[in-house]
Amino acid sequence: MLLPSNRNKMKYAMIYTLLMGPILWISLLLGLAGIVLKIFRLLRMSTASDMPGKYALPPLGTWSGPGATSGSPVPLSVRFRIAVKNSLPGRDPFLAAVTTVFHGCLMVTPLFLTAHNVLLFQSWRLRTLSMPEALADVFAATVIASAFLLLLRRIFLKRVRMLTSFGDNTALAVAVAPFVTGMLAYHQAGPYDMMIILHILSGEILIIALGWSRLSHAVFFFFTRFMIGGEYALGGGRRSWMIDAKEREGLYG
Amino acid sequence: MDDMTKKVDAALVKNMLRQKEYMRDFLLVCASCGACADSCFHFRNHGDPGSTPSFKAMGSLGLMFRKGRRLSMDDLEEMKDLIWGKCVLCRRCYCPMGIDVSSMIAWARSICRAHGVSEDYEKGPKGI
């Protein structure tokens, strides 16, 4: 007859094996499929631009001042001021700083975490770059703190509160949950067995959400900012939002 | 034609939304960060949170995508103030994610116009 505590341990061990085995594979496959499908969908909904770079801002060297003829020189300081003013750091420095720190730490921490890389080594003998545990701890705390600041902004700024829907708060919670549970598990705060299971589960939910929910902006961001032409495009703008030429003819021809 | 008797052509709305399928993704990925607000001169001058570019797009085209068949003429009449009264389509709205907000407002205008709903310049956008 097993002691109740031992029976609990066995239950946790069973859930752990399930989460680290089949459910992990399912979530990885679902997440990857979502991301690949998203890329295909974005490619299908856009076409190669007839005139790449047409709507992009002219390069810094050719800007003209107000009332000046096109191409006449403008002081570098003015050009720099305009460039800053038109960017997010110039418009909303607080949001720009918090969101940059949040996204940076969010992506770096899980990839270079020692504990994750030990698991990779145990499974596949894969040696990867790891960062010191103390640094990872600081990064995880930064993610949680900056997410909290974003949440405060959502609650107290009226223009953001008006936009906020249930999905936005859920997305934030899904993104931050692995960090909260991971920190609690690392510091052995609360029941460890429970925390590590919650950590794995929330991480798997996050992986799936990357392809299928509004967290797919991870894919969308790089596609639109770097591929689609426009006033604020980064890069050449080789594609434009357009249905394919056949359908275009049917609609407008 | 009397507005009360007119109905929204659900097939037409569906067809027009399908032509701009990518706008569904625009609406899906919008993180509602509100960063677009500061680039909108209407918001900067009036301070009205209802004139945030994202709010205008969500309340017009977003509503059409959400409601689908349940879209009514009253909805179209109500969004007139958002898409004509609070936006001049100057295309200055800046989205860190690269969402083309003004194109969504322009397409919402097109769908409204296809149903005979547009700004009455004699009355003004609010019909006053």
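The values are calculated or read from the model by the stated rules, or taken from the named source; none is laboratory data. Computed from a predicted model, the values in this text were never measured in an experiment. Don't worry about glycine lacking a Cβ; one is built from the backbone with ideal geometry, like all the others, and counts go over all protein chains shown.
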Check: Among the residues of segment A:30-49, is any of a type outside the set (Phe, Trp, Tyr), modelled with pLDDT of 60 or more, over 26 Å from residue A:229 (Cβ atoms) and in contact with a Leu (Cβ under 6 Å, 6 or more places away or on another chain)?
Finding: yes
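The rows are residues; the columns are (1) closer than 25 Å to residue A:171 by Cβ; (2) at pLDDT 90 or above; (3) touching a helix residue (DSSP H, G or I) at 6+ places or on another chain (Cβ under 6 Å).
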position	(1), (2), (3)
A:197	yes, yes, yes
A:202	yes, yes, yes
A:207	yes, yes, yes
A:226	yes, no, no
A:235	no, no, yes
A:239	no, no, yes
Margin query: One residue is enough: does segment A:175-184 have a residue meeting the conditions without any contact (Cβ under 8 Å) to a residue 24 or more places away in the chain and buried (at least 19 other Cβ atoms within 10 Å of the Cβ)?
Written below: yes
Check: Looking at segment A:66-108, which of its residues are in contact with a helix residue (DSSP H, G or I) (Cβ under 7 Å, 6 or more places away or on another chain) and at pLDDT below 60?
Finding: A:71
Notebook entry, point to check: Quick check, is residue B:64 within 13 Å of chain A (Cβ to nearest Cβ) and assigned to a helix (DSSP H, G or I)?
Noted result: no
Next item on the list: Return yes or no: is residue B:10 among the aliphatic types (A, V, I, L, M), in contact with a Lys or Arg (Cβ under 9 Å, 6 or more places away or on another chain) and within 9 Å of chain A (Cβ to nearest Cβ)?
Entry: no
Check: If you take the residues in segment A:81-97 that are surrounded by 14 or more Cβ atoms within 10 Å (Cβ to Cβ) and more than 10 Å from every other protein chain (Cβ to nearest Cβ), which one is farthest from residue A:141 (Cα to Cα)?
Finding: A:82
Item checked: So residue A:189, is it out of contact with any Ser or Thr (no Cβ under 8 Å at 6 or more places or on another chain), assigned to a helix (DSSP H, G or I) and either at positive phi or of a type in the set (A, V, I, L, M) (or both) -> no
Notebook entry, point to check: Out of segment A:120-166, which residues are small (Gly, Ala, Ser) and surrounded by fewer than 17 Cβ atoms within 10 Å (Cβ to Cβ)?
Noted result: A:123, A:134, A:141, A:145, A:165
Note to self: Being within 7 Å of another protein chain (Cβ to nearest Cβ) and at pLDDT below 90 narrows it down to one residue among B:34, B:47; which is it?
What the structure shows: B:34
Notebook entry, point to check: What is the one condition in (1) surrounded by 20 or more Cβ atoms within 10 Å (Cβ to Cβ); (2) assigned to a loop (DSSP other than H, G, I, E, B) that residue B:55 does not satisfy?
Noted result: (2)
Margin query: So, residue B:54, is that one within 11 Å of chain A (Cβ to nearest Cβ), among the small types (Gly, Ala, Ser) and touching a Lys or Arg at 6+ places or on another chain (Cβ under 6 Å) or not?
Written below: no
